[in-house]
Amino acid sequence: MELLISANDWLVDRFGELGPLYAVGVLGVLLVALTLPVFLKRQADPLDKLKNQGSRQGARGGKDGKAALRYDNGKAAKLDKYASFLEPQDEKEMSSARLKMLQAGYRSKSAVRTYHFAQFALGVGFLILGILYAIVSSTTGEVTTQALILSIIIPGAVGYYIPKYWVNRRLQTRQQEITNGFPDSLDMMLVCVEAGQSLEQSIIRVSKELRAGFPALADEYEMVAHEMKAGKDKVQVLKDMAERAGVPDVASFVTVLIQSASFGTSIAEALRVYASEMRDKRVMRAEEKANVLPTKLTLGTMMFTVPPLLIILIGPSIYEIAQTLSGNGGGF
């Protein structure tokens, strides 16, 4: 008991009144750091091993293509033991997270796990930095309890939301790039189809031509071409492209191609009409941005033009009035 009292007095003298609270927080972080390796390196269940062996055999036999892709990747197999910790267990949440990573351009099997691991690692790392900052600031001067709590919680929250912000930003940038380059790709595809090439050949050629200007759209076209070469159903390939892109223009284009193939109409005619609509739509988007620009410039004009103008016009008069008042001793 005396040892605890002496330790408490030492913490109070060293770090202030919140010294024992800091000690408890550091102890909790150490316990979590010691527990995580034990939790992650748990022993595999023998029944799970038998199930995995059966899945591998089924994958080699060609019965399950997804399992084959999963177990052919050694890195993904190494991350299987962390799946319950780094992946959503709900199938709907997992599908939504996987689609979001695909739309952001991350196609690896372990993209979802890497995303959640980055959230966990950055959140814990920034939280530890916040604790260290709180300890240092409390030793150098008196700090309120609210400021200490905010200095700990805010860095942890920032570290946790950095990967989410990065993925959302990457997704928006990629969708904007696809939207900007899509009308040009339709014009190139129309030229290739009218020159006598098939839809698959025109998609391959368009993907090569767009690589320099719009790499995200070129990747989507290239994936479509590879899936068609592999023998996948053309309708399903186009639907997958629309889902991966997440752009309404691409989804409408896929619908046009599917209807053209279903009713037996000319693909070149459908491409010509839709390409013309996409060009008009791009012009409308540019006009919309141009019309919004004067409204956005109003605030800047008021902030950077009106104050200097008022200083130039009213400044001399104010100066003369001030000089007159000072010469009259402050009276009229």
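Just for helices (runs of 4 or more DSSP H) wholly inside the range 197-287: which have at least 2 residues that are among the β-branched types (Val, Ile, Thr), more than 22 Å from residue 172 (Cβ to Cβ) and over 23 Å from the mean Cα position of the chain (by Cα)?
Details: elements: 199-209, 215-229, 234-245, 248-263.
By residue number, 199-209, 234-245, 248-263.
If residue 193 passes every condition in (1) in a helix (DSSP H, G or I); (2) within 26 Å of the chain's Cα centre (by Cα) but one, which one does it miss?
(2)
Here is a yes/no grid of residues against (1) without any contact (Cβ under 8 Å) to a residue 60 or more places away in the chain; (2) among the β-branched types (Val, Ile, Thr); (3) at negative phi; (4) surrounded by 10 or more Cβ atoms within 10 Å (Cβ to Cβ):
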residue	(1), (2), (3), (4)
283	yes, yes, yes, yes
290	yes, no, yes, no
305	yes, yes, yes, yes
316	yes, no, yes, yes
320	yes, no, yes, yes
324	yes, yes, yes, yes
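Given the structure, is residue 213 without any contact (Cβ under 8 Å) to a residue 60 or more places away in the chain, in contact with a Gly (Cβ under 7 Å, 6 or more places away or on another chain) and not assigned by TED's automatic domain parsing to the domain that holds residue 267? Let's see the steps before the verdict.
Details: without any contact (Cβ under 8 Å) to a residue 60 or more places away in the chain: yes; in contact with a Gly (Cβ under 7 Å, 6 or more places away or on another chain): yes; not assigned by TED's automatic domain parsing to the domain that holds residue 267: no.
Answer is no for this residue.
The values are calculated or read from the model by the stated rules, or taken from the named source; none is laboratory data. What you see is a predicted model; the values in this text were computed from it and never measured. Every residue, glycine among them, receives a Cβ derived from its backbone with ideal geometry; neighbour counts consider all protein chains shown.
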